[in-house]
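Scroll down for the structure; my scribbles are underneath it.
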Amino acid sequence: MSTYRIPFNKPSFAGSEARYIAEAIERGHISGDGHFTKACHALLEKSLGVPRALLTTNCTHALEMSGFLVGLEPGDEVIVPSFAFVTTVLAFVLRGAKPVFCDVRPDTLNLDEAQIERLITPKTKAIVALHYAGVACEMDAILAVAARHGIPVIEDNAHGLYGKYKDRFLGTLGVLATQSFHETKNFTCGEGGALLINDRGLIERAEILREKGTNRSRFMRGLVHKYTWVDVGSSYLPSDLLAAFLLAQLEARDTIQGRRGELWHRYANELGAWAGERGVSLPHVPAHCEQPYHMFYLLLRDGAQRESLIAHLEARGILAVFHYLPLHISEMGRKFGGRAGDCPVTEDVSGRLLRLPFFNRLTDDEQTEVIDAVRTFGR
């Protein structure tokens, strides 16, 4: 239980979660790929226009499936942003691949498309584009580089469901994309994820990988008389109870996103002048990007100012937190050749970024307290 009056995050409910979970129990199918899992698949496919969506136990497992599907072998290389969550890299390391760390842009904190080409070698087998805070990477440039070299692009879209890049939904631009439904995300079922498949040629194998290396999905559709072990794989299916919870959230997506948009714009409007006076940067959203309002952060002048603001807010019962540490200079990152100075933007912003409380049920009064507390900082 949080000791803060205003926590950084609080799980949010859309209204139908308990009813759908009860219905799943009544239906008598609470393991994977039941009624509610299929309903989530259909909703994601229709709303995004993707050929196939598959729920997974978490985003990490969706990333692991991506490594299988692009054919990673030991010794292959994958270009990844250093400013990312560890599983963005770990999923490919588990396949024996070497992460090649790329720096991020100083404005959106996304993979710097201008640096990708110099990192490509004959061993490069994938490029991972993480849409930080749900703001799109510069996908036209990234896809152009990838196409020149015949390299698939995987979107880590954990932050970006229903965000857009030039009127195209995030998660529909790469060969594969992964989603997260962790409790810190816009739409949640506590723990969960999804793999979005934009290359129809990968659908059948993805179903096999997800079903423990068997062709059970074909059996369930009546395409084979029995199912058997046909490939490598694992158990990546979430319970239909989780899917029931998630479906309620996805069905309420417009309401959820609308509230998050109100919160985001209020922070931006009411902290803009304060930030400008103190040399603090607010999130940058290019005009051709539509964000899904995943988070609101401040880029303080330096680490000391950030620590002081954290303490200032904590004294008022408000929890604000930093985010990713540079992967390339982590203990494991150094084992893969990462060195201090390789990704200077990542190293800089990681030490200055602070995320403010941001969740669907944050009340107007609570947000007023946060804003007032930030404004009084440094007086």
Out of H328, H312, sole residue that is in contact with an Asp or Glu (Cβ under 8 Å, 6 or more places away or on another chain), in contact (Cβ under 8 Å) with a residue 40 or more places away in the chain and assigned to a helix (DSSP H, G or I): H328
Hey, E307 more than 23 Å from Y4 (Cα to Cα) and not hydrophobic (A, V, I, L, M, F, W, C) or not: no
Among the residues listed as S31, S66, S47, the single one being surrounded by fewer than 20 Cβ atoms within 10 Å (Cβ to Cβ) and assigned to a helix (DSSP H, G or I): S47
Output for region 331-352, where each listed residue is over 21 Å from E113 (Cβ atoms) and not in a loop (DSSP other than H, G, I, E, B): E331, M332, G333, R334, K335
Residues located in region 261-293, provided they are closer than 21 Å to K164 by Cα, of a type in the set (A, V, I, L, M) and outside any loop (DSSP other than H, G, I, E, B): L263, A268
Residue tally, condition more than 13 Å from the chain's Cα centre (by Cα) and under 21 Å from S12 (Cβ atoms), over region 143-194: 2
Subset of region 82-100 (residues that are in a helix (DSSP H, G or I) and under 20 Å from Q115 (Cα atoms)): T88, V89
Residues located in region 262-271, provided they are closer than 14 Å to T376 by Cα and loosely packed, with under 12 Cβ neighbours inside 10 Å: none
Residue match in region 301-320 (condition: under 21 Å from the mean Cα position of the chain (by Cα) and buried (at least 16 other Cβ atoms within 10 Å of the Cβ)): yes
Hits in region 215-238 - residues which are in contact with a Ser or Thr (Cβ under 7 Å, 6 or more places away or on another chain) and either surrounded by fewer than 19 Cβ atoms within 10 Å (Cβ to Cβ) or not assigned by TED's automatic domain parsing to the domain that holds I154 (or both): Y227, T228, W229, V230
Cβ pairs under 8 Å, 6+ apart, first in region 2-27 and on the phi > 0 side of the Ramachandran plot, second assigned to a loop (DSSP other than H, G, I, E, B): G15/A252
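With the condition kept exactly as written, say whether any residue in region 229-241 is of a type in the set (A, V, I, L, M, F, W, C), closer than 28 Å to A18 by Cα and in contact with a helix residue (DSSP H, G or I) (Cβ under 6 Å, 6 or more places away or on another chain).
Yes, region 229-241 contains at least one residue that is of a type in the set (A, V, I, L, M, F, W, C), closer than 28 Å to A18 by Cα and in contact with a helix residue (DSSP H, G or I) (Cβ under 6 Å, 6 or more places away or on another chain).
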Among (1) polar (S, T, N, Q); (2) over 29 Å from A91 (Cα atoms); (3) in a helix (DSSP H, G or I), the one test that N360 misses: (3)
Residue count for region 192-216, restricted to those that are among the polar types (S, T, N, Q) and farther than 16 Å from E155 by Cα: 2
Unmet requirement for M139, which otherwise passes all of (1) surrounded by 20 or more Cβ atoms within 10 Å (Cβ to Cβ); (2) of a type outside the set (V, I, T); (3) farther than 25 Å from L161 by Cβ: (3)
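The values are calculated or read from the model by the stated rules, or taken from the named source; none is laboratory data. As the structure is a computational prediction, the values presented were derived from the model and not from experiment. For neighbour counting, all protein chains shown are included, and Cβ atoms are generated from backbone atoms with ideal geometry for every residue, glycine included.
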